[in-house]
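**Student:** Sending over a structure as structure tokens; questions will come in a sec.
The values are calculated or read from the model by the stated rules, or taken from the named source; none is laboratory data. These figures come from a predicted structure and were not determined experimentally. Glycine gets a Cβ as well: all are built from the backbone with ideal geometry, and neighbour counts include every protein chain shown.
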Amino acid sequence: MPDSAKMRAAHLNAATPMPLPGMPALDLSLAFPAALRPAVAAVTAGAAWRPEGLHYTYQVTLEGETLTIPVRLYFNPGLPLDDAGRSVTERGIASCLGTRHHDGHVREACLARLLAAPQGWMAPFIVHLVGEYVIEIVQRVETALPELDPDMRAALAGFVRENPAYLDTIERRTVSYRFRGGPPPQLDYPGKRVIACLRALGRKA
């Protein structure tokens, strides 16, 4: 797995996918709390960030706010990894959006950046990755959980409590992907362990 610096160098000049004619632009600011939306607008200004074609979304709740998050995004893979001129918050926003990129390597690189400097508002993007099929991504989350600071653990706990049905969906996906890839899921599968840890966090607080 290339590190983010190598990936950024490889992808910054890649062609940006063109949106389908007539498709409305997806409002990426709706994936974040209202207080962050001006910063999201600053990060995503310009045509390069406009998602390509048809897009699907899902909704979750974060501290009482409904967020509408894209399932997959199709843009230049270098965009979320280019820190030039961005504040710390803007880098976090870009990395969050990068976790929705269609390329699993980009998702993993952006997750690593989030886990290196976690903030509570990143919780929806981190948790969603637990239900995806790339086991290396799930393992990154599992490794990071015990090392997270109390504020981030509290943010994850709150997110779990606010979204019980959503967490059930994520757990079902860990089972589904495991069935596709080999033997039936066991409790020692990373996705199952992460879900168990998240549920435990939700019960403690």
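**Student:** How many of the residues in the stretch 121-154 are part of a helix (DSSP H, G or I) and touching a Pro at 6+ places or on another chain (Cβ under 7 Å)?
**Tutor:** 6
**Student:** Out of curiosity, is A112 under 16 Å from F32 (Cβ atoms) and assigned to a helix (DSSP H, G or I)?
**Tutor:** On the way: under 16 Å from F32 (Cβ atoms): no; assigned to a helix (DSSP H, G or I): yes.
It is false that A112 is under 16 Å from F32 (Cβ atoms) and assigned to a helix (DSSP H, G or I).
**Student:** Shifting gears a bit: Return a yes/no flag: does the stretch 54-67 have any residue that is modelled with pLDDT of 90 or more and acidic (D, E).
**Tutor:** Within the stretch 54-67 (the criterion being modelled with pLDDT of 90 or more and acidic (D, E)), the answer is yes, since at least one residue qualifies.
**Student:** Here is a further query. Of all the residues that make up the stretch 54-65, how many are part of a loop (DSSP other than H, G, I, E, B) and either charged (D, E, K, R) or farther than 17 Å from E132 by Cα (or both)?
**Tutor:** Total meeting the criteria: 4.
**Student:** Could you look through the stretch 66-94, keep only residues that are of a type in the set (A, V, I, L, M, F, W, C) and part of a loop (DSSP other than H, G, I, E, B), and pick out the one that is surrounded by the most Cβ atoms within 10 Å (Cβ to Cβ)?
**Tutor:** Of the stretch 66-94, the ones of a type in the set (A, V, I, L, M, F, W, C) are 67, 69, 71, 73, 75, 79, 81, 84, 88, 93-94.
So of that shortlist, the ones also part of a loop (DSSP other than H, G, I, E, B) come out as 71, 75, 84.
Details: V71: 11, F75: 24, A84: 6.
By that ranking, first place goes to F75.
**Student:** Name the pairs whose Cβ atoms lie under 8 Å apart, with the first residue in the stretch 16-36 and loosely packed, with under 13 Cβ neighbours inside 10 Å, the second at pLDDT 95 or above and of a type outside the set (S, T, N, Q), and 6 or more positions between them or separate chains?
**Tutor:** Hits for this filter: A34/E65.
**Student:** Of everything in the stretch 127-177, what is in contact (Cβ under 8 Å) with a residue 60 or more places away in the chain and surrounded by fewer than 16 Cβ atoms within 10 Å (Cβ to Cβ)? Give them in sequence order.
**Tutor:** E136
**Student:** Please go through (1) touching an Asp or Glu at 6+ places or on another chain (Cβ under 8 Å); (2) surrounded by fewer than 23 Cβ atoms within 10 Å (Cβ to Cβ); (3) of a type in the set (A, V, I, L, M, F, W, C) for A109 and return the number of the only condition it doesn't satisfy.
**Tutor:** In the conditions (1) touching an Asp or Glu at 6+ places or on another chain (Cβ under 8 Å); (2) surrounded by fewer than 23 Cβ atoms within 10 Å (Cβ to Cβ); (3) of a type in the set (A, V, I, L, M, F, W, C), A109 misses (2) alone.
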